[in-house]
Each structure stands twice: as structure tokens, then as C-alpha cells.
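The values are calculated or read from the model by the stated rules, or taken from the named source; none is laboratory data. This one's a predicted model, so the numbers in the text were calculated from it and none came from an experiment. Don't worry about glycine lacking a Cβ; one is built from the backbone with ideal geometry, like all the others, and counts go over all protein chains shown. The accessibility values were calculated without ligands, DNA or RNA, using every heavy atom of the protein model including side chains. Shrake-Rupley method; radii C 1.70, N 1.55, O 1.52, S 1.80 Å.
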Amino acid sequence: MNKVERIAQSVLFGSQLPTPLELGDADFYTLHSDCFKQPCVCVLGVFDGLHEGHQGLLAIAKKDAEARKVPLVAVTFLPDPVEVLFDGSPQRLLSGEDRLRALAAWGVDGILVHHFTREFAALSGTQYVESKLLPCVPAVSVHVGSDFGLGAQGAEGSALLAALGRQHGFEVHAHELFCSGGEKISATRIRNLLGQGRVEDAASLLGRWHFVSGVVKHGRGQGTGFGFPTANVALDVRDCIPQDGVYACYVVHGATAWPAAVNVGKAPSFESQTGPLLEANLLGFSGNLYGSQVQTVFVKRLRESKKFDSLQDLKQAVRGNIDWVAQNLGTTSYNLESGEVEDDN
Ligand SMILES: Cc1cc2nc3c(=O)[nH]c(=O)nc-3n(C[C@H](O)[C@H](O)[C@H](O)COP(=O)(O)O)c2cc1C
Ligand SMILES: Nc1ncnc2c1ncn2[C@@H]1O[C@H](COP(=O)(O)OP(=O)(O)OP(=O)(O)O)[C@@H](O)[C@H]1O
């Protein structure tokens, strides 16, 4: 995969969701074949990040579906249960909509999305399977990871699912978890890596670069005087933002991606701002993106953010970071649709 394809894949470029069938407490997305209320193979889980473990599980389920000549349906929950059940930031690897777009891009045939509420969370595993799952997704075979939890507080596991399968006539496959470096691949592990700024390690477990979305806001206006104009991107507190620091990134707007030197978090040399923020110097860009939604793709951590004693020192450090990006990621924008390098705009 070349650089441009990798950026496109990372931000799920081009993956669109059709209008879902609204079922009251769930939505059903038909993607590749008519699978609503049809015999199918299904996979169950939250799938935050759609990491390499999730993709491994999907690949096994897909083979099963092909062998049985039935569609593959992913069953998931929105919002992420941790957002509903626990206080504090959920540290999402993907927003809810992006999670569904990732499943669609991967190639499942349909997605059942349960609206996750406290009432929904209180259902037992049996109530869930009999009253919520099987009426929409009459599965002949269900695949989960061995750690999958079912019912109130996820207390019931794949053993209950297997018993329900025997009763209702579907097979249950609880798979050993995919590991890397002797440790299971999980969304929690990837969040921890990002929290330590280890964006390259996170990328190897995600199978793509991590990105965050945000809206470009007006900044303090000081950067322009330095010769380093920056786009100030306001981030969503619910998202998993890599540890404060300076990173080599791509910033994507629509179908265009610019190499960028990015400072995440407070600029320690200046007054603090409210809300999570990143500041990006886009190479090969002039103009403004105020009010635009952009995606910032994290390729490599370059250094910690520091409080510099002089403006001169700060400028020199930032110049060095921009040079690194220019040499390694390029100096002009890329078109994600055509894969071509665009002229400076
Ligand atoms: C690549 C890069 C690295 C940066 N590193 C630091 C830093 O280490 N310490 C700091 O105080 N500010 C750092 N900044 C923040 C700049 O000070 C900030 O972007 C500049 O003040 C422009 O902000 P403004 O346009 O909102 O005024 C960095 C900015 C960029 C783009
Ligand atoms: N490494 C893995 N290998 C195989 N299956 C997995 C792996 N990780 C998760 N799964 C399975 O994929 C489905 C979705 O996983 P889910 O998002 O709930 O877990 P997770 O990635 O471990 O997240 P978290 O760390 O937040 O618990 C579940 O059936 C789960 O058991």
C-alpha cells in the first residue's frame, strides 16, 4: 500500500453509510446484500478502533459465512457502553459513526446497531438474545472473542451464548484472542499506547494510523508572526487524543491530505486554553480552514512539548520539526481520490 492509500485507509476515506432501517431501539444498515431478518453469520462486540484482533475475528466469521453461503452481519452497540455506564472520558479510538464506517469499509454485509441505554444494559443475556438479537438477526452461527461478555454488566459469557445456541439452533464459536508481542490486542491496550505517545506501536495494532477529528478554530494569532501559521483544531474530549507532544502527521480535509507538524495539548510557552486542542502547521497550504472539520492522522512522535526560554529557541525547535516532516512526509498535499500529489494551493 502506498502512502496516499495508507492515509485514505486510515481515515476511512470514501466509506459511506446508507440510510438505516429504524427499528426503534436499534438501526439496521444493509450494505452488500439483503440480510435483514435473513439467516446469517454474525459477530458481536463494540469494535472500537476495529483493530487487528477485531479484523482477525471478522475474517474467520467471513469464511464461515462464505462456506454457508449466507451474509455476514456485525452486531454492535451505540454509544459505546463505557460512555453510558461510566463517568469520565471514554477515550474512543473511533467515534460511533466512524466505528460503523470502519465495519462497512471492512466489508460486512450488514450491521445491527443497538441503541445502548441503561435499560438495555440491564437485560440479561437470555433476554437480550431472545428479544433483541434473534428477531432482527436470525443467526445460524455466532462468532465472538473468548472474553466476550453478555448481559447485565457483561457478567454472562460465551458459555451462556453456547447454551442459547443449542436451544435456538445456532452455532457459537468463541475464539482465542489474537495477540501481538505475547499480549492480547485490545482497544484498551491501544488507548494506553496512545496515552504514552506511542503512535507507531498503536498503528501496528490498529492496522492503520490513528486519527482524531476536530473543527478548525481561530487561535491566538501569534503563530503567523513566527512564520509558522497554525490551524488550531478543537478536539472532542470523548476521543482518544495521543499524549501531549509534537508529532509528524497528515491533516485531511475532504479529499486532500497535507503533511503537518503538530503540537498536541497546551502550548507550554503560552497561556492555557480550554478544551483539548492541537495546533498544526500544514506544509504546502495557504488559505484558511476556519470552521472546517479536519482529521489529523498521527504518523510519528517527534518530541515532548516544552516551555522555551526564548522565542528564538521555540522557533528553532519548530523549524526542526517542520523540516523533519518535509523530508519524511513531503511538502505538498495529496489527493486521496486520485492518489496524485497536488500543487501547493
Ligand atoms: C510543530 C509545532 C511544535 C510546537 N512546539 C511547541 C513547544 O514545544 N512549546 C510551546 O510552547 N509551543 C509549541 N508550539 C506551539 C506554538 O507556540 C504555537 O503553535 C504558536 O504559538 C502559534 O499559535 P497561534 O497561531 O494560535 O498564536 C508548537 C507548534 C507547532 C506547530
Ligand atoms: N484480540 C482479539 N482477538 C479476537 N477477538 C477479539 C480480540 N479483541 C476483541 N475481540 C472480540 O471482538 C469483539 C469486539 O471486541 P470489543 O470491542 O468488545 O473488545 P476489545 O477490543 O477487547 O475492547 P476493550 O479493550 O475496550 O474491552 C468481541 O467479540 C471480542 O471478544
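When the P(r) of segment 15-180 is calculated, the portion above 27 Å amounts to 16% of the C-alpha pairs. Calculated mean residue ellipticity, 222 nm, the chain: -8000 deg cm²/dmol, from DSSP H runs (n ≥ 4) at -39500 (n - 2.57) each, averaged per residue and rounded to 500.
Sequence-ordered 3J(HN,Hα) estimates for segment 324-335 from the Karplus curve with 6.51, -1.76 and 1.60 and θ = phi - 60° stand at 4, 4, 4, 6, 9, 10, x, 10, 10, 7, 10, 9 Hz, glycine and proline given as x. The distance linking segment 1-63 with segment 77-117 is 11 Å (Cα centroid to Cα centroid, whole angstrom).
Within the chain, how many Lys pairs sit with Cα atoms under 13 Å apart, leaving out pairs fewer than 8 places apart on the same chain? Please list the in-between numbers first.
Numbers: K37/K132; K266/K306; K266/K307; K306/K315; K307/K315.
Close lysine pairs under the 13 Å cut-off: 5.
Phi angles of segment 286-300 translate, via the Karplus equation with coefficients 6.51, -1.76, 1.60 and θ = phi - 60°, into HN-Hα couplings of 9, x, 9, 10, 3, x, 8, 7, 10, 10, 10, 9, 8, 9, 7 Hz per residue; Gly and Pro are given as x. Under the combined filter of DSSP loop state and at most 11 neighbouring Cβ atoms within 10 Å, segment 14-122 retains none of its GluC sites (Glu not before Pro).
For segment 19-64, the square roots of the Cα gyration tensor eigenvalues, ordered a ≥ b ≥ c, give a/c of at least 1.5 with a/b no greater than b/c, which places it in the oblate category.
Defining a contact as two alpha carbons under 8 Å apart and six or more residues distant in sequence, what relative contact order in percent does the chain show? Don't skip to the end; give the middle numbers.
Numbers: 692 pairs, mean separation 58.3, N = 345.
Relative contact order, the chain: 17 percent.
Using +1 on the beta carbon of Lys and Arg, -1 on that of Asp and Glu, and nothing else charged, what's the dipole of the chain about the Cα centre, debye to 20? Could the numbers behind the result be given before it?
Numbers: 29 positive and 38 negative charges, 97 e Å.
Its charge dipole is roughly 460 debye.
Sorting 328-339, 206-217, 248-259 by average packing, meaning the other beta carbons within 10 Å per residue, from highest down gives 248-259, 206-217, 328-339. All other residues whose Cβ lies under 13 angstrom from that of K184 are scored, Lys and Arg at +1 and Asp and Glu at -1, for a net of -3.
Among P138, I185, G339, pick out the residue whose Cα is farthest towards the positive end of the charge dipole of the chain, where Lys and Arg carry +1 and Asp and Glu carry -1 on C-beta, about the Cα centre. Result: I185. Computed as a quarter of the hull surface, the mean projected area of the alpha carbon convex hull for the chain stands at 18.4 nm². In percent, rounded to a whole number, the relative contact order of segment 210-342 is 32, using alpha-carbon pairs under 8 Å and six or more apart. Projecting the Cα atoms of L85, S124, G165 onto the charge dipole of segment 15-180 (Cβ charges, centred on the Cα centre) puts G165 farthest toward the positive pole.
Per residue, the accessible area of the chain comes to 45 Å² when a 1.4 Å probe rolls over the protein heavy atoms.
In the chain, the longest principal axis of the Cα atoms and the axis of helix 158-168 are about 40 degrees apart.
Sorted from greatest to least, the principal axis extents spanned by the alpha carbons of segment 210-342 come out as 45, 33, 25 Å.
Taking only protein heavy atoms and a 1.4 Å probe, the accessible area of segment 210-342 is 47% carbon and sulfur.
A simple charge model with +1 on the Cβ of Lys and Arg, -1 on the Cβ of Asp and Glu and nothing else charged puts the dipole of segment 210-342 at about 320 debye relative to its Cα centre.
In segment 12-86, which chymotrypsin sites (Phe, Trp or Tyr not before Pro) fall in coil by DSSP and have 15 or fewer other Cβ atoms within 10 Å? Present the calculation step by step, with values, prior to reporting the outcome.
Working: sites: F13, F28, Y29, F36, F47, F77, F86; in loops: F13, F36, F47, F86.
Here the sparse-neighbourhood loop sites are F86.
Each residue was assigned an accessible area with a 1.4 Å probe, and for H51 the value is about 10 Å².
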